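Just below is one structure, and these are the notes that go with it.
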Amino acid sequence: MMNFYIGVAALLSTIILYLLSKRMYRIYKSPFTLPILTTTMTIVVLLLAFQIPYQTYMIGGKWLDQLLGPVVVALAFPLYKQFKLLKTYIIPILTGVFVGSIIGICSGLLLVKWMNFEEMIMYSISAKSVTTPVAMDITQSLGGVSSLAAAFVMIAGIGGASLGPLILHYSRIHLPIAKGIGMGTASHAIGTSRAMENSELEGAVSTVSMTVSAIVVAILTPLLIVMIL
């Protein structure tokens, strides 16, 4: 029964913090006030300040975590609405996703190798740019640490959602299709939710990119690890 109350408290506190963060984002719109960023940072600070173990928080947090799958599936609706347009640009989208996936894998692997971390970290960071369930499966198959992979996925997602629009703006990339490819390939579902705020087309392209990227990363990661090692 105590676990039930702890779970309800963790769930409600997370939802309340997110709603407050959304309200703050409407008032002070900035890449650094994105609700997912401010909510995550606030929860981390609270857990550290009150010395609450992560496992205790996840008694309720896992209920939200289990909704990740349905949320990703729900992204198929704008994909369906924009299907004809996406079909027209399928070759540029696939090319962009393929190149972006390779860069996403290699950037993590080369950084870890340059900093002389152990191979376990390399296996865990390699799939950082795909959605959490896929990244954890890839990491397990390679012999990495799934929980560490999930942390890298969150960093990639939040970092992309926060800084991605700025990077795209200063890189003079303004086409919705190009922006969607970048956000979906580099920042999976979190980046896609950010792309949805800009336009339905950008969000639909980001959804396609996120899905194709997961397939490409799953296939290429073992090969690239062998080449870089």
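The values are calculated or read from the model by the stated rules, or taken from the named source; none is laboratory data. Note that the structure is a prediction, hence the values are computed from the model and not measured. All Cβ positions, even for glycine, are placed from backbone atoms using ideal geometry, and neighbour counts span all protein chains on display.
Descriptive notes on the structure:
- V45 falls short on exactly one of the conditions (1) modelled with pLDDT of 90 or more; (2) under 18 Å from the mean Cα position of the chain (by Cα); (3) not assigned by TED's automatic domain parsing to the domain that holds I215, and that condition is (2).
- Residues of segment 104-142 that are outside any helix (DSSP H, G or I) and not hydrophobic (A, V, I, L, M, F, W, C): N116, E118, S126, K128, S129, T131.
- Against the numbered list (1) over 23 Å from D65 (Cα atoms); (2) touching a Leu at 6+ places or on another chain (Cβ under 7 Å), N116 comes up short only at (2).
- Pairs with Cβ under 7 Å, 6+ apart, first in segment 179-193 and under 9 Å from G203 (Cα atoms), second modelled with pLDDT under 90 and not in a helix (DSSP H, G or I): T192/L75
- Segment 23-42 - residue that is of a type in the set (S, T, Y) and exposed (fewer than 14 other Cβ atoms within 10 Å of the Cβ) and, of those, farthest from the chain's Cα centre (by Cα): Y28
- Taken over segment 143-192, residues that are of a type outside the set (A, V, I, L, M), part of a helix (DSSP H, G or I) and more than 18 Å from V97 (Cβ to Cβ) amount to 8.
- Tabulated pairs, segment 204-217, first more than 14 Å from F98 (Cβ to Cβ) and in the same structural domain as I103 (by TED's automatic domain parsing), second crowded, with 24+ Cβ neighbours inside 10 Å and of a type in the set (V, I, T), C-beta under 8 angstrom, 6+ apart or interchain: V205/I181; S206/I181; S206/T192; T207/T192
- Considering segment 184-212, and only residues there that are in contact with a helix residue (DSSP H, G or I) (Cβ under 7 Å, 6 or more places away or on another chain) and of a type in the set (S, T, Y), the residue that is surrounded by the fewest Cβ atoms within 10 Å (Cβ to Cβ) turns out to be S199.
- Only one entry in I215, I228, I181 is buried (at least 21 other Cβ atoms within 10 Å of the Cβ) and within 21 Å of K128 (Cα to Cα), namely I181.
- Positions within segment 96-121 being crowded, with 17+ Cβ neighbours inside 10 Å and more than 19 Å from the chain's Cα centre (by Cα), in sequence order: V112
- Any hit, segment 84-95, residues being basic (K, R) and buried (at least 21 other Cβ atoms within 10 Å of the Cβ): no
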